[in-house]
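Data block below; observations after.
Read the figures in this text as sums done on the coordinates, not as results from a lab. What you see is a predicted model, and the numbers here were worked out from it, not measured in a lab. Please note: Cβ atoms are built from the backbone with ideal geometry, for glycine as well, and neighbour counts cover all protein chains shown.
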Amino acid sequence: MKKNHLHLDTQLTHLGRPVKSDGPGVVNTPVYHASTITFPSITAQEAARRLRFDGMSYGRNGTPTTFALEEAIAGIEGGYRGIVFPSGLAAIAAALLACLRTGDHVLVPDSVYGSARKFCTNILPRYGVEVTYYDPLIGAGVAALLCKNTRVVYVEAPGSLTFEMQDIPAIAAVAHDHDALVLMDNTWATPYFFRSFDHGVDISIHAATKYIVGHSDAMLGLVVTIQEQYLKVREMTAGLGYTAGPDDVYLALRGLRTLGVRLARHQHNALVVANWLRARPEVAEVLYPALPGARGHDIWKRDFLGASGLFGVILKPHSNAAVEAMVDGLDLFSIGASWGGFESLVSFPDPGPLRTATRWPATGPLLRFHIGLEEPADLISDLKRGFARLKQTAAATA
Ligand SMILES: *Cc1c(COP(=O)(O)O)cnc(C)c1O
């Protein structure tokens, strides 16, 4: 039964599950550990080979566990097919390599995820691909940067450190006018909160490591494409030898089942904490597009169905020592760089040095919070004590 007409929550519950005829009636697709796939005859093996990426031929090309996740994510995002990767970064790298060749040009937002930026800066040019970073707020103005050889306009919204909202429909319209593809890192919103293909994206990329796995215990990447772009990404993935371990694929399928309820709660909790932070005297600005009046709120409201639990806070100027006293002493926020798990996190990044096309304008320290599924009142009490330490340390060193 095709389930793509069903509501997203119903799809999250039902896609990628075994069908009745599959066997013993288990609810979840089992974990297949396999390298060799055996066949009853040479003819059967040849037939499997001819199917290429559809069906089992060799463990690296996927098993029913992999196919279940690929089917589920494609259905949920409303794309043609999904492809599983061993990490989000692997998905980004393979998608870019699939779309670019020597002599091509790619446009990348200055706010792009740091490891994706390293790939674009350090690796793509070695293969003769020219990379230009652009102001993420450029919108339709990206037209001025498109060259004859621009094959890809990469987008990510909001930026996962600095939270610029990109006008993706405007950028996509210009890109398509120039025959360039739009590749998006949709990790922050997930397909649950951003319908990438309805907004002009051709290839949607997810660090499933974050909200889809959702429990900070597995690395995984996913790509979903429109039909025209599928085969080349699949072929590049196979050509590079990317494959994901079946247990991790299973964890992503498991995570997917609760993505909707988790995201709704992450959003709710993040709004409570962000609103509280916004009113604090130590805070200069909260970078959370879901907050009315925040930067990017209008675009977010127009294009997104919701917000995840990751946002930034620019503090008024404070010494690093004061910020560290605040952050190091937090009980409920672990210090860590990843996000999307059930638990709250904080990090103290410096986005300035990464930039080349724009200047990071903040005059105070940036904290990035991931708001987990804890009771927000407890998180707020923890942060309140943190602000007391900030103040104390600032006074002591003044
Ligand atoms: C974490 C992350 C990635 C990379 O995912 P990995 O699974 O860690 O390789 C890509 N994009 C964004 C926005 C991320 O936060």
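Remark: the chain carries a charge dipole of roughly 180 debye about the Cα centre, counting +1 on each Lys and Arg Cβ and -1 on each Asp and Glu Cβ. Build a GNM of the chain with springs between Cα atoms under 10 Å apart, and of S41, S338, S308 the one that fluctuates most is S41.
Under 5 Å between amide hydrogens, built in the peptide plane, is the criterion, and for E130 it picks out G103, D104, H105, V106 among residues at least 5 positions away or on other chains. Per-residue ellipticity at 222 nm computed for the chain from its helices equals -11000 deg cm²/dmol, with DSSP H segments shorter than 4 residues left out and the rest contributing -39,500 (n - 2.57). Here's the list of lysines a cross-link from K391 could span, going by alpha-carbon distance under 21 Å and ignoring same-chain residues fewer than 8 apart: K316. Between D217 and R126, the contour length at 0.36 nm per residue exceeds the Cα-Cα span by 29.4 nm.
Express in nm, to one decimal, how much length is gained between N28 and D179 on full extension, taking 0.36 nm for each residue of separation and deducting their alpha carbon distance. It would help to have the intermediate numbers written out before the result.
Working: separation 151, 0.36 × 151 = 54.36 nm, distance 4.15 nm.
Result for the pair: 50.2 nm of gain on full extension.
Could you calculate the FRET efficiency of E228 with R60 from 1/(1 + (r/R0)^6), where r is the beta carbon distance between them and R0 is 30 Å, rounded to 0.05? Result of the calculation: an efficiency of 0.75. For V283, the residues whose amide H sits under 5 Å from its own are K316, ignoring neighbours fewer than 5 places away on the same chain, with H placed 1.01 Å from N. Centre-to-centre, using Cα atoms only, region 139-154 and region 303-343 are separated by 33 Å. The phi torsions of region 29-39, fed into the Karplus equation with coefficients 6.51, -1.76 and 1.60 and a -60° offset, translate into couplings of 4, x, 7, 9, 9, 7, 10, 6, 10, 9, 10 Hz, rounded to whole numbers, with Gly and Pro shown as x. Normalised by the number of residues in region 259-397, the mean separation of alpha-carbon contacts (under 8 Å, six or more apart) gives a relative contact order of 30 percent. Could you work out how far helix 88-99 tilts from the main Cα principal axis of the chain, as a 0 to 90 degree angle to the nearest 10? Helix 88-99 sits at roughly 60 degrees to that axis.
Among K210, K316, K148, the largest mean-square fluctuation in a Gaussian network model of the chain (Cα springs under 10 Å) belongs to K148.
Can you compute the charge dipole magnitude of region 83-195 about its Cα centre, using +1 on each Lys and Arg Cβ and -1 on each Asp and Glu Cβ, nothing else charged? Give it in debye, rounded to the nearest 20.
Numbers: 7 positive and 10 negative charges, 75 e Å.
The dipole of region 83-195 has a size of about 360 debye.
Here is the P(r) of region 127-281: all C-alpha pair distances, binned every 10 Å from 0, give 10, 32, 34, 19, 5, 0 in whole percents. Taken about its Cα centre, region 259-397 carries a charge dipole of about 440 debye when Lys and Arg each add +1 at the Cβ and Asp and Glu each add -1 at the Cβ.
With only alpha-carbon pairs counted, each pair once and no self-pairs, how large is the Kirkwood hydrodynamic radius of region 259-397 in angstroms?
Details: mean 1/r = 0.0647 Å⁻¹.
It works out to 15.5 Å.
Ellipsoid fit via the Cα gyration tensor, region 202-305: semi-axes of 34, 18, 12 Å, each the root of five times an eigenvalue, largest first.
How high is the relative contact order of the chain? Use alpha-carbon pairs under 8 Å, at least six apart in sequence, and give a whole percent.
On the way: 805 pairs, mean separation 64.5, N = 398.
With pairs under 8 Å counted, the relative contact order is 16 percent.
For E46 and A377, the difference between the fully extended length at 0.36 nm per residue and the C-alpha to C-alpha distance is 113.1 nm.
For the chain, a Gaussian network of Cα nodes joined below 10 Å ranks E235, E164, E77 by mean-square fluctuation, and the top entry is E235.
Quick check on my link table: of K210/K301; K301/K384; K148/K210; K148/K232; K3/K301, which ones sit more than 26 Å apart, alpha carbon to alpha carbon? Intermediate results must be reported in sequence, preceding the final value.
Values: K210/K301 23 Å; K301/K384 30 Å; K148/K210 36 Å; K148/K232 21 Å; K3/K301 28 Å.
Going by Cα-Cα distance, K301/K384; K148/K210; K3/K301 fall outside the 26 Å limit.
Helix 227-240 against the longest principal axis of the chain: what's the angle in degrees, Cα atoms only, rounded to the nearest 10? Taking Cα atoms only, the helix is inclined about 90 degrees. For the Cα atoms of the chain, what angle does the longest principal axis make with the long axis of helix 259-278, in degrees from 0 to 90, nearest 10? Relative to the chain, helix 259-278 is tipped by roughly 20 degrees.
Over all directions, average the projected area of the Cα convex hull of the chain and note it in nm².
Hull-based average projected area comes out at 20.7 nm².
Under 5 Å from the amide H of F194 lie the amide H atoms of L305, each residue being 5 or more positions distant or on a separate chain, with H modelled from the backbone and absent for Pro and chain starts. Along region 53-69 the Karplus relation, 6.51 cos²θ - 1.76 cosθ + 1.60 evaluated at θ = phi - 60°, assigns HN-Hα couplings of 8, 9, x, 8, 10, 7, x, 4, 8, x, 10, x, 5, 4, 4, 5, 5 Hz to successive residues, with x for each Gly and Pro.
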